[in-house]
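To start, the structure itself, in C-alpha cells.
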Amino acid sequence: MIDLSGIMTAIVTPLHADRTLHEEQLKKLIDFQLEHKVQSILALGGTGEYTALSAEVRRQTVDAVVKFVDKRIPVVIGNLETGISESIAFTKYCAEAGADAVMVMTPYYVHASQQGLIDFYMELDQKVDIPLLVYNIPYRTCVNMTADTLAYLTEHMKHLVGIKECNNSPAQAIDMIRRVGSKINFLSGEEFLSVMLMALGAKGAVMASANLIPDVWVKIHHLVREHQTQEAMDLFGNYTELIAAMFSETNPGPLKYGMDLIGVPCGSTAIPLTPVSDAAAGRMKKAMQELQLI
C-alpha cells in the first residue's frame, strides 16, 4: 500500500485573471513545498478550487502537477464529482496522467445514505486501477461517512488506501483510527484537530495552511512521531491566530493573499469566491508580521 504518512499539502491552484492555469506560479509553489520537505501533494481539492475550474483546467492541472513533482513525492489528485460516471472518468484520467492516488469526495447535494456511499465507492473501486482515498467533509457536503461505513469499505475495496477526515467530531475520528488506522492511511484534514489526532494514531494530516507554513507542519509531525506531543502542541499554538485568520473567509481567499505576501504568488480566486476582504487581509498580514513570516 502507498505510504501517505506525514504532511500532505492541499495546494492552491494558481490562476490567471481569466481562470486559466498559471503554470509558472504552480511550479514555484511546488518547488517551495519540496524545499520544505512535505511528504506528499494534494492538488485540486477544495483548497484547489476544484468546483470552480473548467474540466480543461482540471486536466491541465493534473498534467502539470505530475510533471513538476516528477515522482519525488506522491501526488494525490482531488476528485469532487458528485456523479459516479464523471467520477470514474476523471479518476481514470488521473491514473493515465501518472498520479499516485485519487482522493474522492463523498457525493454531495443528493444526501446519499450510508448504503449509497458504499455503492458509490464500490463501483468506483471496480472500474478504476489506482489507489483511492475517501474525502469526508460533511460541513460542505451535508453527508457524513460513518466509522461503520469506512470499516466496511476498508474490508471490501481493493484500491482503498486512506481517508481525509474533515468531520469536526473528534469522537468519530478517534473511532475511525481505532478501527482502521492500522490498515489504511488515516489523515486529518482539520488544522485544529490534527495535532491531537496524529498523537492518537493518525498517519498524518492534509493541510491547506501548509501552503504557507510547510516547514512548521513538517516539524509538528516530526515532534509527534518522536512522542514530543507537548512540544508539538506548543509549536502549533504559536500559529493558531494565523490559521484562524486564514479561515475567517472561505478558503482559499485569505490563503492566496498570504502566499502573495511571502513571495509565492498564486493569483486570485475563481468565481463564485471573491477576493479577500480588507478586514481578512489586515488580520492575515498582522498575524504573519507577528510570526516574522514577512
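The values are calculated or read from the model by the stated rules, or taken from the named source; none is laboratory data. None of the values given here were measured: they were computed from a predicted structure. No Cβ is skipped: glycine too gets one built from the backbone with ideal geometry, and neighbour counts run over all protein chains shown. Areas reflect the complete protein model, heavy atoms only, side chains present, ligands, DNA and RNA absent. Shrake-Rupley method; radii C 1.70, N 1.55, O 1.52, S 1.80 Å.
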Conditions: (1) surrounded by fewer than 24 Cβ atoms within 10 Å (Cβ to Cβ); (2) closer than 14 Å to M259 by Cβ; (3) not β-branched (V, I, T). L26 meets all but one. Number of the miss? (1)
Can we say K256 is touching a residue at least 60 places away in the same chain (Cβ under 8 Å) and out of contact with any Phe, Trp or Tyr (no Cβ under 8 Å at 6 or more places or on another chain)? yes
For residues in the range 1-23 being open to solvent by 10 Å² or more (accessible area, probe 1.4 Å), out of contact with any helix residue (DSSP H, G or I) (no Cβ under 9 Å at 6 or more places or on another chain) and within 17 Å of A101 (Cβ to Cβ), which is modelled with the lowest pLDDT? M1
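Those residues that are of a type outside the set (A, V, I, L, M, F, W, C) and either buried (at least 24 other Cβ atoms within 10 Å of the Cβ) or closer than 18 Å to R179 by Cα (or both), I need them from the range 189-220; list them, please. It would help to see each step written out before you state the result.
At the first step, the residues of the range 189-220 found to be of a type outside the set (A, V, I, L, M, F, W, C) are 189-191, 194, 201, 203-204, 209, 211, 214-215, 219.
If the condition is that a residue be of a type outside the set (A, V, I, L, M, F, W, C) and either buried (at least 24 other Cβ atoms within 10 Å of the Cβ) or closer than 18 Å to R179 by Cα (or both), then G189, S194, G201, K203, G204, N211 are the ones that fit.
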Those strands (runs of 3 or more DSSP E) lying entirely in the range 138-237 with at least 3 residues in contact (Cβ under 8 Å) with a residue 40 or more places away in the chain: 160-165, 204-207
Which of (1) outside any loop (DSSP other than H, G, I, E, B); (2) open to solvent by 10 Å² or more (accessible area, probe 1.4 Å) is the odd one out, the single condition I77 does not satisfy? (2)
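So, G258, is that one farther than 22 Å from Y139 by Cβ and crowded, with 24+ Cβ neighbours inside 10 Å or not? I'd like the intermediate steps shown before the answer.
Details: farther than 22 Å from Y139 by Cβ: yes; crowded, with 24+ Cβ neighbours inside 10 Å: yes.
Yes, satisfied.
Across the range 80-136, which residue is most open to solvent (accessible area, probe 1.4 Å) among those that are among the acidic types (D, E) and either within 22 Å of G181 (Cβ to Cβ) or part of a loop (DSSP other than H, G, I, E, B) (or both)?
Checked the range 80-136; the qualifying residue most open to solvent (accessible area, probe 1.4 Å) is D129.
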Based on what the data block shows, is E155 farther than 23 Å from Y50 by Cα, acidic (D, E) and open to solvent by 10 Å² or more (accessible area, probe 1.4 Å)? yes
